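Chemist: So that we are looking at the same thing, I have put the structure below in structure tokens.
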Amino acid sequence: MIVDVFNEIVSVISYVIPVMIALMIVALGGLFSERSGTINIALEGIMVMGGFIGAIVLHYLLNNTGLHIQISVFIAMIAGAVSGMLFSFFHAFASIRMKSNQIISATALNLFAASVGVFVARTVFGYRRINVDSSYRFDVAVLSEIPILGDLLFSSAFLSTYIGIIILIAVIIILYKTRFGLRLRSCGDNPHAADSLGVDVGRMRYAGVLISGLLAGLGGVFFVVAFQNRFESDVRGFGFLALALLISGQWRPQRIFVISILFALMRVVASRSDSIMGIQAIDIPTEIFRMLPYILTILVLAFTSKTSKAPEALGEPYDTGKR
Amino acid sequence: MKRIWEKIIHPFKVFGRKTHTLFANIPWRKLAGWLLYPLALLFGALVALKRKIGATRFGKRLDKAWLKVLHWSGEKPETIKVASSLLAVVFGLLFGFIVMLVVDPSSAGSGFLTIILGPFQQGMRSVGDTIFYAVPIILTGLSVAFAFRTGLFNIGASGQLYVGAFVAVYIGVQWDFLGPFHWVVASLGAMLAGAAWGAIPGLLKAFRNVHEVVVSIMLNYVSIYLVNLAVRSFIFNPTLNRALGPESSAHIPTLFLENIFPRSSINIGIFITLAAVFLFHILLNRTVFGYELKSVGLNRDAARYAGMKEKRNITLSMTIAGSIAGLAGAMMYLVPGTYIRILDVPVEQGFTGIAIALLGLSAPVGVLIAGLFYGAINRGGYFAQSLYREEIVNVIIAVIIYFSALSLFTQQMIAKYINRRTKKEIQLKESEGDVG
């Protein structure tokens, strides 16, 4: 009995971790953009773009080369991240250089990514779907032999999990322990003060948005590899879920990490309800679990509006004339 | 050279025959000819024409007329905005054309013409269909534009539309005792539901100062899952995995329109939309209430200082915007052959509405025209399906939105050009409809 429960928990966790990592990475990307002062609701579109390019590369590598599967995945991740970064440049250009409405240009990117994904996939492959079906899970040598912990973290794991954890640590260090991080945050909170101290606000904001594109594109590949096993012209609203995560986490990487576990758990409960025995027993419609993260975010917004930790200059184009 | 080229495009050969032919057998030289040669020819012809005609009497007259136009639009800054909208459309279409050239150069010309001339492919029938497809888009565009005019960004039209659609279909399926008023009640129900859904971000904005965009995005997703749940629970057709269709008494009537536009899907939704356009104009420009809404949008604190109830007004303007989007939901789903499906992502009409509102410069008539334009190229995409996938239309729309976002820049460019030609400084003035 105890063994059954343990296996159940292990299987739930093995579903939760990849979803959590994908969400967290994209939210951390959004963090960079928003801490530098640029709203980025294009996360969804950038994820689609990254996932799309990543899926094409992966499809090619899997079918035509004898490369080791994890190496193929790694190359696809790089491709997705780079394409996400290039794609986010359009948002950066419009919202920083052209000082245009950040919501509008991001909406354009979302729409563009979705339609280009479908258009190219259907033109090239004949249908919307790009198959990258394969088993990407692997056991880490030696470490997977550790009892309990090995079962939870190191057996049948995804490459993305470890990359994600490394990125989380790197993000915390970069944001809080480096000169670059300090400057980036200052551009989001008080760009005029930052400018008066010699920080190039425009360049910092470009860096913020481009890094967010990099991470969101990477997150798109994570999503394709670890959650869906195929690319199907959208990322099931994961980009907006990551935005919700960013806001619920109050623009702090540590909180984002904690809340991403919660969001991922809800998502897994909703989408894998038929394959996890423990959840089948509870008779609650899965839609409720899908809704909860968004409702939670609205509640967080409503009740923390007075003490909100949002970057103070978020969404305002930097205008030297306003000094 | 050829071998190097083959090495470069080698990766593309993997996607099977179709891709192979697609990328490898592109007649690149021909493509260059298609693209560059006509452009060069056109440019040369224009230069020659300018030289030839510019010197003649006719040319001078033409130049004078053009200068007159520029002078006139220099005095009327709105014309510059219209010009920037048109420019966005031109850029969007141009981008679409280039994409078509890359995919299949040989049929790009005919495909492009098909998309532009969409509504006239089947005579009156496709004109009717164009109007039919434009109706929900115009309404969501009006919803977004209304919020814009009152200083709010309604990115949640998608969710409001969807909630409205559910209520409309629910009434359409269940309340068949209503007889001839069935569709009226269903539409009103949709408006109420959309209004309630729009009121949530409005209330949060007014009383908790939460950004309405974020709340609306979250509500878009909540609406999908809520409607999925409600459809499954109340009006589900399990064999086809979609909602039941409304009773025929709940369908929006076609009246005499089916005689004018035979075999098309058009219904009196267009008259309802025209009424909405008219009411929008009257409410915002001719009533005290509308004046207050706009004032609050321009400067919340100043409006409060002037004695206006700014919290009530913010809530009301989101509520009204929501009700228009809800009506769009009724117009979309209270027709034969359209069913609410179990969705994963928000309905795209809500986001297209943003594009339409931007293109129409948030003015009711502008939104009407922009919406009809969208309906037209949407139909065009449908007819061009044999040549290109119809998603090409969405690509075009996305590029148009992007250039609308840059409209502030294009307006400055146009103003600069006019300044240079007329040698007069013109001031771009920010008007209330501007969200840039």
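Here, each number is a calculation from the coordinates, and none is a lab measurement. Computed from a predicted structure; not experimentally measured. Positions of Cβ are generated from backbone atoms using ideal geometry, with glycine treated the same way; all protein chains shown enter the neighbour counts.
Chemist: To the nearest Å, what is the center-to-center distance of the range B:348-424 and the range B:116-145, using C-alpha atoms only?
Modeler: 15 Å
Chemist: Jot down the radius of gyration and Dmax of the range B:127-281, Cα atoms only, both in angstrom.
Modeler: Expressed in Å, the Cα Rg and Dmax of the range B:127-281 come to 16.8, 53.
Chemist: Evaluate the charge dipole of the protein assembly as shown about its Cα centre and quote only its size in Debye, nearest 20, assuming +1 on the Cβ of each Lys and Arg and -1 on the Cβ of each Asp and Glu.
Modeler: Working: 65 positive and 40 negative charges, 658 e Å.
Roughly 3160 debye for the protein assembly as shown.
Chemist: Can you grab the distance from the C-alpha centre of the range A:11-65 to the C-alpha centre of the range A:77-110, Å, no decimals?
Modeler: Computed from Cα coordinates, the inter-centre distance equals 15 Å.
Chemist: Evaluate the Kirkwood expression for the hydrodynamic radius of the range A:1-153, namely the inverse of the mean inverse distance over all pairs of different C-alpha atoms, and round to one decimal in Å.
Modeler: Numbers: mean 1/r = 0.0558 Å⁻¹.
Result for the range A:1-153, one decimal place: 17.9 Å.
Chemist: Give me the three principal axis extents of the range B:85-162 from the C-alpha atoms, as integers in angstrom, largest value leading.
Modeler: On the principal axes, the range B:85-162 reaches 47, 29, 23 Å in Cα extent.
Chemist: Given H placed on each backbone N at 1.01 Å, which residues far from B:Arg242 in sequence or on other chains put an amide H within less than 5 Å of it?
Modeler: Close amide H contacts, sequence-distant or interchain: B:Asn237.
Chemist: Net charge within 15 Å of B:Leu334 by Cβ-Cβ distance, Lys/Arg positive one each and Asp/Glu negative one each, not counting B:Leu334 itself? Write out the running numbers ahead of the final one.
Modeler: Working: positive: none; negative: B:Asp176, B:Glu247.
Cβ neighbours under 15 Å give a net charge of -2.
Chemist: Give the value in nm², to one decimal: projected area of the alpha carbon convex hull of the range B:49-120, averaged over all directions. The partial results should precede the final answer.
Modeler: Details: hull surface 30.0 nm².
Answer in nm², one decimal: 7.5.
Chemist: Here's something else I'd like to know. Could you compute how fast chain B diffuses translationally, taking Rh as the Kirkwood radius over C-alpha pairs and applying Stokes-Einstein at 20 °C with viscosity 1.002 mPa s? Give it in µm² per second. Walk me through the numbers on the way to the answer.
Modeler: Details: Rh = 24.1 Å.
The estimated diffusion coefficient comes to 89 µm²/s.
Chemist: So if I restrict to the alpha-carbon atoms in the range B:236-382, what is the Rg, and what is Dmax, the biggest pairwise distance, in Å?
Modeler: Looking at the range B:236-382, its Cα Rg and Dmax stand at 18.7, 59 Å.
Chemist: I'd like the distance separating the alpha-carbon centroids of the range A:229-260 and the range A:174-207, in whole Å.
Modeler: 24 Å
Chemist: Over every pair of different alpha-carbon atoms in the protein assembly as shown, take the mean of 1/r and invert it; report that Kirkwood radius in Å. Write down the numbers at each step before the final one.
Modeler: Values: mean 1/r = 0.0361 Å⁻¹.
Radius from the Kirkwood sum: 27.7 Å.
Chemist: Follow-up question, since we're still on this one. Quick one: putting +1 on the C-beta of Lys and Arg, -1 on the C-beta of Asp and Glu, what dipole do you get for chain A around its Cα centre, in Debye to the nearest 20? Let's see the in-between values first.
Modeler: On the way: 24 positive and 19 negative charges, 221 e Å.
Taking the Cα centre of chain A as origin, the dipole is about 1060 debye.
Chemist: On to the next question. Report P(r) for the range A:84-131: all Cα-Cα distances, bin width 5 Å, range 0 to the bin holding the largest distance, values in whole percent.
Modeler: Per 5 Å bin, starting at 0, the Cα pair percentages come out as 5, 21, 22, 18, 14, 10, 7, 3.
Chemist: With +1 on each Lys and Arg Cβ and -1 on each Asp and Glu Cβ, and nothing else charged, work out how big the dipole of the range A:80-189 is about its Cα centre, in Debye to the nearest 20. Could you put the intermediate results ahead of the total?
Modeler: Values: 10 positive and 5 negative charges, 144 e Å.
Dipole magnitude for the range A:80-189 comes out near 680 debye.
Chemist: Quick check on chain A: what does the Kirkwood estimate of hydrodynamic radius come out to from the alpha carbon pairs, in Å?
Modeler: Values: mean 1/r = 0.0493 Å⁻¹.
One decimal place: 20.3 Å for the Kirkwood radius.
Chemist: Work out from phi, with θ = phi - 60° and the Karplus expression 6.51 cos²θ - 1.76 cosθ + 1.60, the ³J(HN,Hα) of each residue of the range B:286-291, listed in order in whole Hz, and give x for Gly and Pro.
Modeler: Working through the residues one at a time gives 10, 10, 5, 4, x, 4 Hz.
Chemist: In a shell of Cβ-Cβ distance under 13 Å around B:Arg242, excluding B:Arg242 itself, what net charge do Lys and Arg (+1) and Asp and Glu (-1) give?
Modeler: Values: positive: B:Arg232, B:Arg341; negative: none.
It works out to a net charge of +2.
Chemist: With respect to the cross-link table entries A:Lys99/A:Lys177; B:Lys52/B:Lys416; A:Lys99/B:Lys76; A:Lys306/B:Lys309; B:Lys311/B:Lys416, which display a Cα-Cα separation exceeding 32 Å? It would help to have the intermediate numbers written out before the result.
Modeler: Numbers: A:Lys99/A:Lys177 30 Å; B:Lys52/B:Lys416 27 Å; A:Lys99/B:Lys76 24 Å; A:Lys306/B:Lys309 21 Å; B:Lys311/B:Lys416 40 Å.
B:Lys311/B:Lys416, as the Cα separations exceed 32 Å there.
Chemist: Roughly what angle does helix A:253-271 make with the longest principal axis of chain A, taking Cα atoms, 0 to 90 degrees, to the nearest 10?
Modeler: The angle comes out near 40 degrees.
Chemist: Among B:Ser73, B:Ser233, rank each residue by its count of other Cβ atoms within 10 Å, from fewest to most, as a rough exposure measure.
Modeler: Values: B:Ser73 19, B:Ser233 10.
The fewest-first ordering by Cβ neighbours comes to B:Ser233, B:Ser73.
Chemist: List, in the order given, every pair from A:Lys309/B:Lys294; B:Lys64/B:Lys423; B:Lys60/B:Lys81 whose Cα-Cα distance in the structure shown is over 19 Å. Let's see the in-between values first.
Modeler: Numbers: A:Lys309/B:Lys294 30 Å; B:Lys64/B:Lys423 14 Å; B:Lys60/B:Lys81 28 Å.
Going by Cα-Cα distance, A:Lys309/B:Lys294; B:Lys60/B:Lys81 fall outside the 19 Å limit.
Chemist: Quick check: convex hull over the Cα atoms of the range B:142-224, volume per residue in Å³, rounded to an integer? Intermediate values should be presented prior to the final figure.
Modeler: On the way: hull volume 7.2 nm³, N = 83.
For the range B:142-224, the hull spanned by Cα atoms encloses 86 Å³ per residue.
Chemist: Output ³J(HN,Hα) for the range B:377-386: one whole-Hz value per residue in order, computed from phi by the Karplus curve 6.51 cos²θ - 1.76 cosθ + 1.60 with θ = phi - 60°, and x for Gly and Pro.
Modeler: Per residue, the Karplus-derived 3J(HN,Hα) values read 6, 5, 4, x, x, 5, 6, 8, 4, 5 Hz.
Chemist: Still on this structure: Rank A:Ile39, A:Ile56, A:Ile295 by mean-square fluctuation in a GNM of chain A with C-alpha springs under 10 angstrom and give only the top-ranked residue.
Modeler: A:Ile295
Chemist: Right, next: Please compute the net charge surrounding A:Ala114, taking Lys and Arg as +1 and Asp and Glu as -1 over other residues with Cβ under 10 Å from its Cβ.
Modeler: Numbers: positive: none; negative: A:Glu44, A:Asp234, B:Glu348, B:Glu391.
Surrounding charge for A:Ala114 is -4.
Chemist: Take peptide A:237-243, look around each residue's Cβ out to 10 angstrom, count Cβ atoms belonging to other protein chains, and average those counts.
Modeler: Values: counts 8, 0, 0, 7, 2, 0, 3.
Partner Cβ neighbours, averaged per residue: 3.
Chemist: How large is log10 of I(q)/I(0) for the range B:296-390 at q = 0.11, 0.15, 0.24 Å⁻¹ when the intensity is taken from the Debye formula with one equal scatterer per alpha-carbon?
Modeler: Log10 I(q)/I(0), no solvent term: -0.51, -0.83, -1.31.
Chemist: Let me ask something else. Provide Rg over Rh for the range B:287-334; use the alpha carbon set for both Rg and the Kirkwood Rh (inverse mean inverse pair distance). Kindly include the intermediate steps, with their values, before the conclusion.
Modeler: Details: Rg = 13.6 Å, Rh = 11.6 Å.
Result: Rg/Rh = 1.17.
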